[in-house]
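Structure, as C-alpha cells:
The values are calculated or read from the model by the stated rules, or taken from the named source; none is laboratory data. These numbers come from a predicted model, not from an experiment. Note that each Cβ is placed from the backbone with ideal geometry, even for glycine, and that neighbours are counted across all protein chains shown. Each accessible area value is taken on the protein alone, full model and side chains, heavy atoms only, with ligands, DNA and RNA left out. Shrake-Rupley method; radii C 1.70, N 1.55, O 1.52, S 1.80 Å.
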Amino acid sequence: MKFKIIVIIALFVISSCVKITAQNSTINNSKKPNIIYIMADDLGYGDLGINGQKKIKTPNIDKLASEGMLFTQHYAGSTVCMPSRASLLVGKHMGHNTVRGNPNWTSTGKAVNLLVEDVTVAEELKRAGYKTGIIGKWGLSEGGDDANLPLNQGFDYFYGYRNHGEAHHYYPDVLWENNKPFETGNIVMEKKGTFSHDSFVKKAKDFIKENKEDPFFLYLAFTIPHYELTVPENSKVPYKKLNWEERELKVKPNKGYQHDKDGHATYAGMVSRMDGDIGDLLKLLETLDIDENTIVVFTSDNGHEFDKNFFNSNGDFKGKKRDLYEGGIRIPFMVRWPGTIQPNSKTTHISAFWDFLPTVCDIAGIKPSDPTIDGISYLPTLLGKEQKKHDYLYWEFNEGKGPIQAVRKGDWKAVKYLEKSIELYNLSNDVGEAHNVAKMNPEIAEDMANLMKEARTENNNFPLEYHKRVLEKMNKQKQVKN
C-alpha cells in the first residue's frame, strides 16, 4: 500500500514538472517563428480605423489588430525618422543612442550614423539562425559612409532607399540592392516610372517565398505616407468620389517634393494602398502555410506631418512630428501571431521602440549581446503573462524649436524646452496634455527634471544647446526687431 502511494505521488510530481516545463517552453519547443516588422513613415496614431479614423479606410490593418494584440501606449524611439529607426535597431533610447537626430542637425552639421560596433536586431537574430532582410527605407547611411549599409549591420538582403534624400521621392532614379546602387529608369521630377512602394511590396513577397522553409526576419520599412505626397490615380479614385474640400499642395517645378495637388485624396489613397498591400502579404502567409508561425508587427516611425485637422491624424493627442508631446511620439502598434497571441486583445503596457530588440531575442531564445540596452522584452505581454515594467521612458530632440526633453513615468509625463520651465501632465486624465500641473505638483516635477539629467549620457554630436542654425535664425529675428 505504501509502495502504491509513493508511486502515485511520484507520478503526480513528474506530471506537474512536465506541465510546468511545457508552459515555460512555449517558444523553445516549436520552430522559431518568422518575424515581419512593418513600419509606415509619418503615419499618425489616429490614421487607422482601429484607432478611431473615420475617413481613411484601413480594413486590413484593422483586421491585423483584431486578430492579435493592440498596444495603446506604445512609443516611437524619436519624433523624426533617423533616430527613431536607430532606437528600434539597437535597443537604446535617445539618452544613450549613437544617433539622436536627423542628418544635418548635429553640432558639426555632418550626419552621424550607427557605429559598426552597435549591435542591431538583425545581428542578434542571425546568431539565432534567422535569414534577415530589410526592404524600403534604411536611412542610416548618410554622408556617403558605406560602413553603415545594411549588409554591414547584420542584414542578408537589402532593397530600397539608402538615405533620406532618396526616400523623399516615390519615383527615384536610383535604388539600392544588396549595398549596390542601380538605375531604375524613373524620371523623378515628372513622377514617371515605377511607384517605389509597389516595388517594395513585390520584393517583400519574393523574400518571404524564398525563405519560407527557415526562420526569417523581414524589416519592411515603407515610406508611405511621408512627403512627397503622391500615389497612382487608382488609389485616389474612391476618395475623389466623396467630393471632399481639397487641400491643394503647391510644388516648385524641378525642385523639392513633387506633390500631387489634391492633398487629402492623395494622403488617404497612400494609406489605403499600403493597407491593401498588407492584406495581400497576410494572404500570402496563409497560402504558404506559414501564417501561424509568423509574427507580424505594424507601426509607424513617429507622428504625422500632413494633417491640419481634416483627418484627425492625432486622435486625442497634442502635437505632431517634431514634437515630444504625445502626438509626436505615441504611435499605432499591433502584433499578430495566430495561435499564440489572444485574438482581439488589447494592452495598456507602456512600451517603446527600444523594447523590440530584447523582445525578439526573447522569442529567439537568446540574450542580447549588449548589456547596456534600455529595452525590456514585451514577450510576456504578448503571451498574457506577468510583465516587467519600465521605471520611465526618455526622449530628447533638437531641431528648429531648440532642445526638447521628455520623460514618461507611470501616468506622469514631463516636457522641457531649453531655458523654459518644465511642463507636467497627468495622462490618466489629460491625454491631450492640455493642463500643465507642474506648479501644483512641485515634487513630481522636480523628480522628472532629475530623471532628464540622469537618463542621458553626454554626446558631443548632440548637445542640449541651440543648434547653430537656430541661433542664426534667432539673431536675425532680433536684428529685425531692433
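Could you rank the peptides 63-72, 276-285 by their average count of other C-beta atoms within 10 Å per residue, with the highest value first?
Descending packing order for the listed peptides: 63-72, 276-285.
Do you know the relative contact order of the chain, to the nearest whole percent, from alpha carbon pairs under 8 angstrom that are 6+ apart?
Across the chain, relative contact order equals 23 percent.
Looking at this model, which pairs from LYS126/LYS401; LYS63/LYS318; LYS413/LYS476 are more than 29 angstrom apart at the alpha-carbon?
Checking Cα-Cα distances, LYS126/LYS401; LYS413/LYS476 exceed 29 Å.
Could you work out the percent of alpha carbon pairs in the stretch 93-132 separated by over 12 Å, rounded to a whole number? List each step's numbers first, then the result.
On the way: 516 of 780 pairs.
That fraction is 66 percent.
Among 313-326, 167-180, how do they line up from the highest to the lowest mean number of other beta-carbon atoms within 10 Å? Could you put the intermediate results ahead of the total?
On the way: 313-326: 21.5, 167-180: 17.6.
The densest-packed peptide leads the list: 313-326, 167-180.
Set Lys and Arg Cβ to +1 and Asp and Glu Cβ to -1, take the dipole of the chain about its Cα centre, and tell me which of HIS197, TYR425, GLY328 lies farthest positive.
Ranked along the dipole, the leading option is TYR425.
Which loop GluC sites (Glu not before Pro) in the stretch 410-476, with loop taken from DSSP, have no more than 14 other Cβ atoms within 10 angstrom of their Cβ?
Counting only loop positions with at most 14 other Cβ atoms within 10 Å, the GluC sites (Glu not before Pro) in the stretch 410-476 are GLU419, GLU458, GLU465.
Could you give the length gained by full extension between LEU242 and THR287, i.e. 0.36 nm per residue of separation minus their alpha carbon distance, to one decimal place?
My answer for the length gained is 12.7 nm.
Give me the number: length gained by fully extending ASP145 to LYS55, i.e. 0.36 nm times residue separation minus the C-alpha to C-alpha distance, one decimal in nm. Don't skip to the answer; put the middle values down first.
On the way: separation 90, 0.36 × 90 = 32.40 nm, distance 4.21 nm.
Here the answer is 28.2 nm.
Ignoring solvent entirely, what values of log10 I(q)/I(0) come out of the Debye formula for the stretch 273-325 at 0.12, 0.17 Å⁻¹ when each Cα is a single scatterer?
With one equal scatterer per Cα and no solvent, log10 I(q)/I(0) is -0.46, -0.70.
How many percent of the alpha carbon pairs in the stretch 299-425 exceed a separation of 25 Å?
Values: 2848 of 8001 pairs.
That fraction is 36 percent.
Under a crude label model (7 Å from the Cα following the beta-carbon direction), how far is LYS202 from ASN344 in nanometres?
Modelled inter-label distance: 3.9 nm.
Just how large is the dipole of the chain about the Cα centre, in debye to the nearest 20, putting +1 at every Lys and Arg Cβ and -1 at every Asp and Glu Cβ? Before the final figure, lay out the partial values.
Working: 63 positive and 63 negative charges, 112 e Å.
So the dipole magnitude of the chain works out to roughly 540 debye.
Largest first and in whole Å, what are the equivalent-ellipsoid semi-axes of the chain based on the Cα gyration tensor, each being the root of 5 times an eigenvalue?
Values: eigenvalues 274, 172, 104 Å².
Each semi-axis is √(5λ); the values are 37, 29, 23 Å.
For SER300, list long-range residues whose amide hydrogen, built 1.01 Å from N in the peptide plane, is under 5 Å from its own amide hydrogen.
For SER300, whose amide H was placed from the backbone, the distant partners under 5 Å are ALA40.
Between LYS385 and LYS250, how high is the FRET efficiency from 1/(1 + (r/R0)^6) when r is the Cβ-Cβ distance and R₀ = 56 Å? Nearest 0.05.
Calculated transfer efficiency: 0.60.
Can you list residues from other chains, or at least 5 along the same chain, whose modelled amide H is less than 5 Å from the amide H of GLN53?
When sequence neighbours closer than 5 places are left aside, the close amide H contacts are LEU48.
Based on the alpha-carbon set only, what is the convex hull volume of the stretch 69-173 divided per residue, in Å³?
Roughly 137 Å³ of hull volume per residue.
Would you list which aspartates and glutamates come within 14 Å of LYS255, measuring only between C-alpha atoms, while excluding same-chain residues fewer than 8 positions from it?
Result set, ordered by chain and number: GLU166, GLU190, GLU228.
Amide H of ILE376 versus every other amide H placed in the peptide plane: which residues, excluding those fewer than 5 positions away on the same chain, fall under 5 Å?
ASP355
Can you work out the Karplus-derived ³J(HN,Hα) for every residue in the stretch 389-398? Use 6.51 cos²θ - 1.76 cosθ + 1.60 with θ = phi - 60°, whole Hz, and x for glycine or proline.
For the stretch 389-398, the Karplus curve yields 10, 6, 5, 6, 10, 9, 9, 9, 7, 9 Hz.
Which three numbers, in whole Å and largest first, are the semi-axes of the equivalent ellipsoid of the stretch 242-294 derived from its Cα gyration tensor as √(5λ)? Intermediate results must be reported in sequence, preceding the final value.
Numbers: eigenvalues 255, 42, 7 Å².
Result for the stretch 242-294: semi-axes of 36, 14, 6 Å.
Find how much the distance from TYR417 to LYS367 grows on full extension, using 0.36 nm per residue of separation minus their present alpha carbon separation; answer in nm with one decimal.
Contour length minus Cα-Cα distance gives 14.3 nm.
Say R0 is 45 Å: what FRET efficiency, to the nearest 0.05, do LYS481 and GLU117 get from their beta-carbon distance?
For LYS481 and GLU117, the calculated efficiency is 0.40.
Over 10 Å intervals from 0, what percent of Cα-Cα pairs in the stretch 350-467 sits in each interval?
For the stretch 350-467, the pair-distance distribution reads 12, 36, 32, 18, 2.
What is the distance in Å between the Cα centroid of the stretch 373-443 and that of the stretch 132-190?
Measuring centre to centre over Cα atoms gives 34 Å.
Can you list, bin by bin at 5 Å, the percent of alpha carbon pairs in the stretch 315-377, starting at 0?
Values per bin, smallest distances first: 4, 13, 17, 21, 17, 15, 10, 3.
With a 1.4 Å probe and all protein chains kept in place, how do SER272, SER421 rank by accessible area, largest first?
Working: SER272 30, SER421 95 Å².
The residues order as SER421, SER272, largest area first.
Per residue of the stretch 452-465, what does 6.51 cos²θ - 1.76 cosθ + 1.60 with θ = phi - 60° give for ³J(HN,Hα)? Whole Hz please, x for Gly and Pro, Karplus curve as stated.
Working through the residues one at a time gives 4, 7, 6, 6, 10, 9, 5, 9, 4, 6, 10, x, 8, 8 Hz.
Given 37 °C and 0.692 mPa s, compute D for the stretch 135-241 with the Stokes-Einstein relation, Rh being the Kirkwood radius over Cα pairs; round to the nearest whole µm²/s.
Answer, rounded: 222 µm²/s.
Could you pull the Cα extents of the stretch 211-356 along its three principal axes, largest to smallest, in whole Å?
If we take the Cα atoms of the stretch 211-356, the spans are 48, 35, 31 Å.
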